[in-house]
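Working notes, beginning with the structure itself.
No value in this document is a laboratory result; all are computed from the given coordinates. Treat the numbers as computed from the prediction; the structure is a model and nothing was measured. Virtual Cβ from ideal backbone geometry, glycine too; neighbours counted across all protein chains shown.
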Ligand code: ASP
């Protein structure tokens, strides 16, 4: 016997064994437990705005529950529709998800003549974030001391007051259009790539007013850079002392808020959707997390209203609502 055979044979056999083992493991590798690498959440507005802030808050908790990194990618433009279109075309593997909201997932089809995605067909709802009420803001020291004064001026001089928005179809734009049509006044809207840049111009006096989410507006009003004239919620809020609701005086029945949710490209496996929504439900049970959100005026929803099915039904009902608001307000599609 070739003396080398004794050496080569076992080596050859063990190489073959490893090969067979590796082949046998192939399907297991292809179905790695989810998640096994960082997940990207696309925020369709500039960093520093309310959508970005709440997404980072939620992502941090969900990633802790999952034991996995969640990266926020800001893809601003066209009221959030640029980011939405990007995720609609992403691989449906659970590693690229979209932070959708009132505008991108419900109103956009009625505001844009050509939209590069279909919110209902190209996405599956995963879970719904907490809602955020909105606040009517002016620069500190503005000549408008109340919402009535601002609306009276807009009534006297249609189109003279400029309202900053986070872009056509953003929730700040939608809420302000809704306000204008309910109050029967006309504003001139100035679109930005997100609340961050719009708010800077409001502070700088380049625009007259904004209607935006409470979470990012709060530090600016507390810091004395902006003044809150009115809230759009039903109840008053401790963190905005002495700020009335629009519904109390100026516009009975007028309520506005921004909702958000995580959406995955259609084709994403059900186990991915379930894993993510269960992780969020777990995060919601953490009183420290929900308490910190409430301190920013954010409205934390109970677990039974945030799962994939609840978000699906809610998104569909909001599409019906915004189609009507947009048509009633006569907002022409862009
Ligand atoms: N507040 C923005 C909106 O109106 C979005 C943002 O910048 O977060 O939709």
May I ask for the angle, rounded to the nearest 10°, between helix 147-156 and the longest principal axis of the chain, with both axes built from Cα atoms and the value confined to 0 to 90°? 70 degrees
Semi-axes in Å, largest first, for the range 229-301 (Cα gyration tensor, √(5λ)) are 33, 17, 7
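Please arrange 138, 325 by how many other C-beta atoms lie within 10 Å of their C-beta, fewest to most. Please report the intermediate quantities before stating the final value.
On the way: 138 22, 325 18.
So the ranking, lowest neighbour count to highest, is 325, 138.
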Could you check which residue among 299, 274, 286 shows the biggest mean-square fluctuation in a GNM of the chain with a 10 Å Cα cutoff? 286
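Kirkwood Rh and Cα-based Rg: tell me the resulting Rg over Rh for the chain, rounded to two decimals. Could the numbers behind the result be given before it?
Working: Rg = 24.5 Å, Rh = 21.4 Å.
The Rg/Rh ratio comes out at 1.14.
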Could you state the principal axis extents of the C-alpha atoms in the range 182-334, from the largest down, to the nearest angstrom? 49, 40, 31
If you rank 36, 200, 63 by fewest surrounding Cβ atoms within 10 Å, what's the result? 36, 200, 63
Kindly express, to the nearest 10 degrees and within the range 0 to 90, the angle between helix 50-66's C-alpha long axis and the longest C-alpha principal axis of the chain. 30 degrees
What order do you get for 139, 324, 121 when you list them from fewest to most C-beta neighbours inside 10 Å? 121, 324, 139
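Would you calculate a helix-derived [θ] at 222 nm for the chain, using -39,500 (n - 2.57) for each DSSP H run of n ≥ 4 and dividing by the full residue count, to the nearest 500? Walk me through the intermediate numbers first.
Numbers: 12 runs with 146 residues, N = 334.
After summing the helix terms and dividing by residue count, I get -13500 deg cm²/dmol.
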Using a 10 angstrom cutoff on alpha carbons, build the Gaussian network for the chain and name the most mobile of 283, 183, 313. 313
Can you check how the C-alpha radius of gyration of the range 89-233 compares to 2.2 N^0.38 Å, as a plain ratio? 1.14
